[in-house]
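The values are calculated or read from the model by the stated rules, or taken from the named source; none is laboratory data. Values in this document were obtained by computation on a predicted structure and should not be read as measured data. Here Cβ is always computed from backbone atoms with ideal geometry, including for glycine, and neighbour counts include all displayed protein chains. What goes into the accessible areas is simple: the full protein's heavy atoms, side chains included, and nothing from ligands, DNA or RNA. Shrake-Rupley method; radii C 1.70, N 1.55, O 1.52, S 1.80 Å.
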Amino acid sequence: MQLGDKGGSQNLGGTGGNRGGGKRKWLHLKGWRVSFPTSRRCVFVPEEAETQSTPHSSDEMLYCEAESAPAVDKGKPTRESSETDLEIEDTEKYFTTGQKELYMEACNLMGVVPVSYFILNMEESYMNLNHHGLGPHGTKAIAIALVSNTSLITLELADNSIMEEGILSLVEMLQENYYLQELNVSDNALGFEGAKIISEFLQKNSSSLVSLQLAGNCFKDQSAELLFQALSNNYRIKDIDFSHNEISDKGGEILGNMLALNVGLLTLDLSWNHLCGRAAVSLNYGLRSNVTLRTLDLSMNGCGNEGAAALGEVLKNNSSLAYLNLSNNDISNEGISKISRGLEFNECLRSLKLFLNPMTVEGALSLITSIRKNPRSKMEYLDISHVMVSEQFVRILDGVYNIHPQLDVIYKAIQGLSAKKSIFQSSNPMKLIQIYAEQNKIRVVDFFKSLTPTGLMKMPVGEFWKAMIMQNKIPLTRYQLRELIKRLKDNTGMVNFRSAQAPCPGPIQPLSQQALGSLEPRSPTHRPQTTGGP
């Protein structure tokens, strides 16, 4: 595996000689050889001193050994060639060093200023080096230091101008480091040459990486073709982000083949590209047979009604897709009707976003009607928040809520409807729950745990929503329930009841007699009047 650099022979991954009988992997870096076993220590040993030094087990130390140097006067210290900044003044001594020192030496060799944040946090599991101006040489120094790192799981390197030389260093490091799982190299101008390096890396399935963010890297159709073909046979990557690139229909046509063959992807982000109808038709082909993809983001493209028709067919047949974002895709009522027909048969989709498409209340009616017709629908969230709805729509939606209590539809309120808000609409939902808990001498967390039969501290958002709507102890509007979920949802997308143990901001005000009177049991079918969204 090569860590290429002009003026220096560099090889990472070859098997070196033994010291104490152990095998080592070598990195040749501008006149120095660096081996990387499992430990985090490093020993710099000049070539002449190797036979004189005390043997050490390769399972305990990292070794950096000077390559053979030209014959020199023994009265003078052995020095490196002019290619490197490393110098050994005393050939009779060796020096031990850790990962931080190894990084400092790598920075010295690359001629870059060390990043203090990296030095201070290299033992953490998360590292954010976005916008640090690393460049290709600074990235290479970090890659060298991370070869033997066993702590870091997530590395953020967005907007660092790492170029193709930097991405080459990173992918070679990933083939030796089996701990790093998430990498963000967005906005680094990788272009076609960078796409070639990444595609070769993806084809090998040789790292532990599961999440790769490649947004904003000037990938056009030629780059997309390479990357999609590589993903066809990759089974390790679970989440990949191609957003904010320049992929159009020509590159998008390879999508179908990739998704038909891929058996690993769970999340695919293609937002903010140039994908139109033909790409969506290709997606139809791929998603018919794909059984793993759960989240697909096609927002801010131009799929249009042709693409909507293809995706409507996808919804009829696909059995895995749970989250679909089609916001701002120039889909009118004609295309919405095709999507609605797919929803009549779909049994797995949970979230559909159609924000900023040129649809009207007629299209919105076709959507909720199709959900009502499907008794097996799993829909939990429908975003049509730009659509000004009618009172007829609200009445029909109330009926849909009775059949599918887990459903939440975000729409634009009609004039006059806001006056019908519940008196609880502006109340803090957590305060209402705290008042109920105090009145019944229980903890707030006990109230939440009572919503789940298992009594666990976490629930999926959809199940929590349904449980809260169906409970008759504390009547909350859908507006209030959204606010409650925002407070309790953690970064895994689950509602975490531990968040409810934090103190509620501000003093709890006593409820009025009118409000207390409404805290009475209600039938499961009762729904407080509500508008579409915050």
One residue is enough: does the stretch 217-238 have a residue meeting the conditions part of a helix (DSSP H, G or I), of a type in the set (D, E, K, R) and at negative phi?
yes
Please work out which residue is surrounded by the most Cβ atoms within 10 Å (Cβ to Cβ), limiting yourself to the stretch 160-218 and to residues that are of a type in the set (D, E, K, R) and touching a Gly at 6+ places or on another chain (Cβ under 8 Å).
GLU172
Answer yes if at least one residue in the stretch 112-130 is assigned to a loop (DSSP other than H, G, I, E, B), crowded, with 22+ Cβ neighbours inside 10 Å and touching a helix residue (DSSP H, G or I) at 6+ places or on another chain (Cβ under 7 Å), and no otherwise.
no
Pairing a residue in the stretch 389-406 that is closer than 13 Å to SER370 by Cα and open to solvent by less than 40 Å² (accessible area, probe 1.4 Å) with any residue that is polar (S, T, N, Q) and in a loop (DSSP other than H, G, I, E, B), where Cβ atoms lie under 8 Å and the two sit 6 or more apart in sequence or on different chains, gives HIS404/SER377
Somewhere in the stretch 220-239, is a residue at pLDDT 95 or above, open to solvent by 60 Å² or more (accessible area, probe 1.4 Å) and more than 23 Å from the chain's Cα centre (by Cα)?
yes
Can you spot a residue in the stretch 355-362 that is among the aromatic types (Phe, Trp, Tyr) and more than 23 Å from the chain's Cα centre (by Cα)?
no
I'd like to check something: does the stretch 469-483 contain any residue that is farther than 21 Å from LEU382 by Cβ, modelled with pLDDT under 85, surrounded by 15 or more Cβ atoms within 10 Å (Cβ to Cβ) and not charged (D, E, K, R)?
no
Kindly indicate whether any position in the stretch 278-287 is surrounded by 19 or more Cβ atoms within 10 Å (Cβ to Cβ) and within 20 Å of the chain's Cα centre (by Cα).
no
In the stretch 319-349, how many residues are among the small types (Gly, Ala, Ser), open to solvent by less than 30 Å² (accessible area, probe 1.4 Å) and assigned to a loop (DSSP other than H, G, I, E, B)?
3
Among the listed residues ALA158, ALA189, ALA195, ALA141, which satisfies the condition of being of a type in the set (A, V, I, L, M, F, W, C) and modelled with pLDDT under 95?
ALA189
Only one of these conditions is not met by LEU382: (1) within 25 Å of ASN329 (Cβ to Cβ); (2) open to solvent by 30 Å² or more (accessible area, probe 1.4 Å). Which number is it?
(2)
Which condition does ALA309 not pass, out of (1) open to solvent by less than 10 Å² (accessible area, probe 1.4 Å); (2) at pLDDT 95 or above; (3) in contact with a Gly (Cβ under 9 Å, 6 or more places away or on another chain); (4) not polar (S, T, N, Q), if it passes all the others?
(1)
Count of residues meeting criterion [open to solvent by 40 Å² or more (accessible area, probe 1.4 Å) and either in contact (Cβ under 8 Å) with a residue 40 or more places away in the chain or assigned to a helix (DSSP H, G or I) (or both)] in the stretch 365-379:
3
Find all pairs meeting these conditions: Cβ atoms under 8 angstrom apart; at least six residues apart or on different chains; first residue within the stretch 432-452 and in contact (Cβ under 8 Å) with a residue 24 or more places away in the chain; second residue surrounded by fewer than 17 Cβ atoms within 10 Å (Cβ to Cβ) and of a type in the set (Phe, Trp, Tyr).
PHE447/TYR436
Taking GLU362 as meeting all but one of (1) open to solvent by 10 Å² or more (accessible area, probe 1.4 Å); (2) modelled with pLDDT under 95, write down the number of the exception.
(2)
Does LEU174 fit the bill of being over 14 Å from ASP241 (Cβ atoms), at pLDDT 95 or above and out of contact with any Ser or Thr (no Cβ under 9 Å at 6 or more places or on another chain)?
no
